[in-house]
Structures are given as structure tokens and as C-alpha cells.
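The values are calculated or read from the model by the stated rules, or taken from the named source; none is laboratory data. Predicted model only: the values in this text are computed from it and were never measured. When we count neighbours, we look across all protein chains shown, and the Cβ atoms used for this are built from the backbone with ideal geometry, even at glycine.
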Amino acid sequence: MDSLSLSSLPDESHRTFLRAPDRAEISRVDPEGIAGAKKCLDFEEDCIRVYARIKPRSEEEEEEKEEEPRFRWVEREIVTEPCLSVGNGLSQRFLFSRIFESSVDQGTFFREMVRPRIVDFLTGSHQLLFAYGASSSGKTYTVQGTASQPGILPRSLDLIFNSCKPTKGLREDKESVLDLGSFLNAQDVGPEESLSASSRLRETSSIPGVDSEGMYYSLWVSFAEIYNETIHDLFERITVSNKKTRGSRKTPLKLVEDRKGCAYVKGLREICVSSADEAYQLLLIGRRNLQFAATKLNQNSSRSHCIFTVKLIRFCDLERPQLGRVHILSFCDLAGSERLKKTQTIGTRRAEAGNINASLLVLGRVMKILRDNQRLKKAAVVPFRDSKLTRLLQAFFTGMGKASMIVNISQSPYLFDETLQALKFAAITSKINYAAPSKPPRRNTRFSSILFQHKRSSTLGGRNTIVWENPPARSTLVPEKVQEEEGAREEEEDESSEEEEEDDSHYEALNNLISDLERRLREEKRKNATLESDIRMELCKEFNVMMVNRETEWQQRLKDTTERMDELSEWRLQKLESAYVVSRKRKRLDNSDEDELREKLSEVESKLEGRDIELEEKGKKRLRP
């Protein structure tokens, strides 16, 4: 079965939330302000419930006698002692829905905190329970527990199966994963780590009035982890040797959105279970694939965020189910924030700690902006997409479900700084109201106006159901608009005759509207065809006239050009003739001048010859004696 996305729950009226201060000086605390902050927790139906669980002190912590900042709790308040090294040296107070002391065991914690959430889940609301706290504060123990002291997750599975009897799932769908349990048991696993569910402590209580007659249930589980901002399926088979090899990793999965904008993990395997033992065995199989490592603070520290999701489908007809309601219950075990100076991690562990702190930082920014948006007129953009963790949990913080937070607190003085940051995060989270999902503005289209005029009294409502016949590639929940008194939830199949008559009249009105629209469409098509033909004829005529005019124009241009070229040729010939005549005259003048010069030259030469003769004769006379 493919993943199912969350849908919006029925709209509810929200009461005014009185905001409690994050911190205050004890010497300057206004008693009325503290009373008002306590009063706001009484209206926790509209806000996120925040519970604190104190981890018992270990023997090493009992032996420590250094003067370090500590805290104390009274009723629903945790008060930190003044400390100059942290903050401004003032005491701070933090309010919770309830504080569970270190003496509270797993069973009492489950009955008083988790059981009411399971009741809401079985009666039709989506629920998220997530554990938050510093490293080695007991988050994994609270969520998963041990075989002798099971956590809230195994006990919730027992309570669900004790309250309703899900139908048997297809064996072939889960054989591959259940065989993985036998394969892991064959590896190097000690008796205390066996994947058998026979020796575990079971929850025997049940919720009366849930398993109604004529209703059938189908329970599906999935288990995913977010390791270094990469999502993996914990039901994927991976050997112990490959798990220790750095080069061999599980297949990364993509985080995508459906048409409703809800995020889901593409390719995440969901398995139908028919008993609590099967679900518990799948939990142990997924836990074996989780990323754990030893640090200075914790020998078995979680290196990834893990999310275990339970989806309950309710339907009426077992043979041919038509409609089914889907309820989602998610358990999120967040990895603890770390300081490298205290954990002394290097290499891969240092990179893991950086990714863990980065995702928790994004979660803190998301919570702070959600709280600030309740006070500001112009809401800021919530950075859900900055981290895959916040993207997966977005639906529970935007009105599509309800969330409950468990803050695990360590009494170790060495971890006081991390504990104080967890308390501040809890103070912000406790002031967040459930925001109703925003609806897009209604568009006034022609079709909507025709439909409104055709039948104003008709309304369309959806159902929080999934379709079983011809299912799509991934079933999604359809938003539901229901107005009913709190606690009164009627089944889908019990519709009255009046509603059927209204549906029939509504159906007839829609058929009439469709017929009217089809008739108008045919008329418009005929008009458009005639108009298109007329326009084509007119365009053809205009085009022919334009071509004739263009041809005449170019012929006239060619004629004018030819005439101009002829005139230019005649002008050139005339100029050439006149130039030739002038050149001949110049030649004649030049020839007459040369003759005169030649005559003069001959005369001068004859004179020179005569002079030469005279000179020779005179010379001869002088030479004679």
C-alpha cells in the first residue's frame, strides 16, 4: 500500500490564547502574570501540549557535589537556580501541561499522558507525539522502552489492538520483512537483543466503545529515519556487516508532495499488521536498522531522527470496500542536541552531530516563527522546507492534526546548558495555537457564476475518505467540511433519507445545468463557425486587393526607375563627348608650341655653331707666329 497523506480536519473555533513569558526574575515576578500564564494551559485544546519528564539521577550524578546550576519543580512549573555562567544570572520559570517526576514509571506515564491521545486518534483525529531533549536525557527509553519496561509506542500498539480488531493483512506483503527478523536473529545478537515479542510486557487495558458493530479496521505501519538529512526505510533489509561498512548504505528515499501540497516519503514501505506482536516485531526490526553510536555522554546514542507511523483505516464493507476513513498516529524520536566539547566526537560522529544540531535549529526557528505569526498582523514565511524533519511534521503544525511534545530533562549538572535550551524550546512550543489551513481566495469565473445562479442553495462538501475502487497511484485524503458538536461523530454509511433527497435534487440540478451548458456550447460553436467563415472570406478579399495594389505599385516603381536610368545614361554620354572635344583641342595647342620651340632651338644651335667656328679661327690666328 502506498503512503497516505494528511488531509485537513474540520474547522473549529479557536479560543484566545494567553501567552506565558519565556522567563522572568523570581524577585520581580508578578503573581497575576504567573496566574495568567497557568490559565493559558487550561485551554490546551487549541495549542500544542507540552509535557516534561524528569530523568532519574544516576549513581555518578548522585556522587557529584560540585556547585553547578540546577533546577526544581513545583506542580507545573520548573524553576532554574540563578547562575552567572548561563544567561544573565536570573532565575527562570517554565510552565508545562504537566510534569512527570523521576519516580513515575512507564505505565503511569502512558496512562496519564498518552492514553488520551490514543482515544482522540481512534475517534478520528490525527496525532503526533514527539520526544525532545538533550543527549542521554531518556528520549528513546520513553518512546520505545525495553522488553520489561515498554515505552509509549509498544503500549500504544497494544491499546489500539485491544480496543479494535483489525482485519488480517496479506501475508505475502510482510513475509519479506518478517523474514528479516529471523535473519537478524541469526546474526551476532545476544539473548537480550532477540527480536521475539513473546517475553515482552504487554498493555492489557482497552478503550471501550471504539470497536462498533459493522465496522472493519485495517492497520498499516511504517518506520523511517532521517540520517544526515537523508531519509531511509528501516524495513529495508541490510546485514550487520554491511551496516558497519561505510561504503554500503541503505537506499535513500525522496521527499515529495502530492496535489494537495502534503509531503510524503516516496517509496516508503507500509505493512499491514493484524496483531500487536506483529507490529512490535516490526518495531524491533526497524530499531535494529537505526543508527546508534557510543559517545562520552551515552553508550547507545541515537544518531538519527526516527518516525514510526500508524495508519488506521475504517471501512464498512469487508468484501468490496468503497470508502474508508484514515487516521494517522506518528511517534517521533528526535536525536538529542550535542556539544562537541562534551561528547568529544570526531570524524563521522562529528558530522552526525552537526546535522542533528542543524535540523533541531531549523525546528526551533519554525516554532518561533509560528508563535510570532500569532502576534503579528503580517505573518512571516515559516521555513518548513529548510529541513526534511520540519517538512514531514508540517501538517501537524498547520491545522491538519494535533501534536504533543515530551521534553525529557536530565538532572545532570554537566548537561544544565542543554537542559536550559530544551526548556526554552518547550516554552516557545507551548504558546503555538493550531492554525487552521488557509484556503485560497475564491475565483469568480463564468462557470461559478452560472452555477450560483442556477441553484444558489446547493452546496458541495467533501469527505475525509479514500476511494477503494480503481485506486490511484497513491491514495490521499480529501479535505472535509463538517460542522457538528464536539464528541458526536456519525459514521459515513448512516445517511438519512432527507440527505438522499437533497443529493437527488442536487444531482438533477447539476444534470440540468450540464444540459443547458451543452446547448449553449453547441450554439456558440455554430456561431463561431459562421463567424469564422465570414472572416475568412473578408480576409481573402482584402488580401487579393492588397496584392493587386502592391503589384501596381511595384510596376510603377520599376517604370520610374527605368526612366531615371535612361536620363542618367544620356547625361553621361553628353559629358563624355564634351570631354573628348576639349582634350583634342588641348592636343593641337600643345603641338604648335612644340614647333615654335624647335625652330628657336635650331636657331640657337646654328648661332652656337657659328660662334664655335669663330672661336676656332681666332685660336688658330693666335697660334701662328
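Listed values, structure above:
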{"item": "Cross-chain or 6+ apart pairs with Cβ under 6 Å, the stretch 418-447 first and surrounded by fewer than 18 Cβ atoms within 10 Å (Cβ to Cβ), then assigned to a loop (DSSP other than H, G, I, E, B) and modelled with pLDDT under 60", "result": "ALA436/ASP11; PRO437/SER8"}
{"item": "Residue tally, condition closer than 30 Å to LYS254 by Cα and part of a helix (DSSP H, G or I), over the stretch 392-421", "result": "6"}
{"item": "Hits in the stretch 338-397 (condition: over 23 Å from the mean Cα position of the chain (by Cα) and closer than 20 Å to ILE48 by Cα)", "result": "ARG375, LEU376"}
{"item": "Residue list for the stretch 373-390, filter: of a type in the set (D, E, K, R), modelled with pLDDT of 90 or more and surrounded by fewer than 18 Cβ atoms within 10 Å (Cβ to Cβ)", "result": "ARG385, ASP386"}
{"item": "Residue match in the stretch 101-117 (condition: surrounded by 20 or more Cβ atoms within 10 Å (Cβ to Cβ), closer than 29 Å to SER301 by Cα and hydroxyl-bearing (Ser, Thr, Tyr))", "result": "no"}
